[in-house]
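We did not get these values from a lab; they are worked out from the coordinates using the rules stated. Computed from a predicted model, the values in this text were never measured in an experiment.
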Amino acid sequence: MSLWDDDIDKVKDLVGSTIKLQNGFVSLYRGSMRLGLGKFGSIEEAEKDISEVDETVNVSERRFESRGPPRYRRSRF
């Protein structure tokens with residue numbers, strides 16, 4: 001998960017807790033999925049804990065192919 005600015009501190013405070021993400025997005029970076037909050041996303045502690053997590057399927061280890069050409073940002077000097 002990619003985090004920026006104040007969201008980093010929020011996650012540090014929630015270590016060991018179940019968190020709730022709203023309005024996040026998934027993108028591909030070098031064939032791996034990345035979860036992000038972006039401009040409109042939010043993160044908070046969930047009201048209900050998840051007692052058991054199925055760790056047998058880890059989509060973070062799976063590689064994906066991009067459907068379009070890579071996007072590059074051009075800087076002007």
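Determine which lysines satisfy two conditions relative to Lys48: a Cα distance under 21 Å, and not lying fewer than 8 residues away in the same chain. By straight Cα distance, Lys48 reaches Lys10, Lys12, Lys20. Karplus-based coupling profile of region 26-33, in residue order and whole Hz: 10, 10, 9, 9, 6, x, 10, 6, with θ = phi - 60° in 6.51 cos²θ - 1.76 cosθ + 1.60 and x standing for Gly or Pro.
Across region 54-61, rounded Karplus estimates of 3J(HN,Hα) from the backbone phi angles (6.51 cos²θ - 1.76 cosθ + 1.60, θ = phi - 60°) give 7, 9, 6, 10, 10, 5, 5, 7 Hz, Gly and Pro being marked x. In summary, the aspartates and glutamates within cross-link reach of Lys39, defined as a Cα separation below 14 angstrom excluding same-chain residues under 8 places away, comprise Asp5, Asp6, Asp7. At full extension, Arg30 and Ile8 could sit 5.6 nm farther apart than now, given 0.36 nm per residue minus the alpha carbon distance.
Out of every Cα-Cα pair in the chain, what percent are more than 13 Å apart? Present the calculation step by step, with values, prior to reporting the outcome.
Details: 2205 of 2926 pairs.
Across the chain, Cα pairs with separations above 13 Å total 75 percent.
Annotation: amide H-H contacts under 5 Å for Ser32 (H modelled 1.01 Å from N, sequence separation of 5 or more, or interchain): Phe64. For region 39-49, 3J(HN,Hα) computed residue by residue from phi via the Karplus equation (6.51, -1.76, 1.60; θ = phi - 60°) reads 5, 9, x, 9, 9, 7, 6, 6, 6, 10, 6 Hz, glycine and proline entered as x. Taking all Cα pairs closer than 8 Å and separated by 6 or more residues, the relative contact order of the chain comes to 30 percent.
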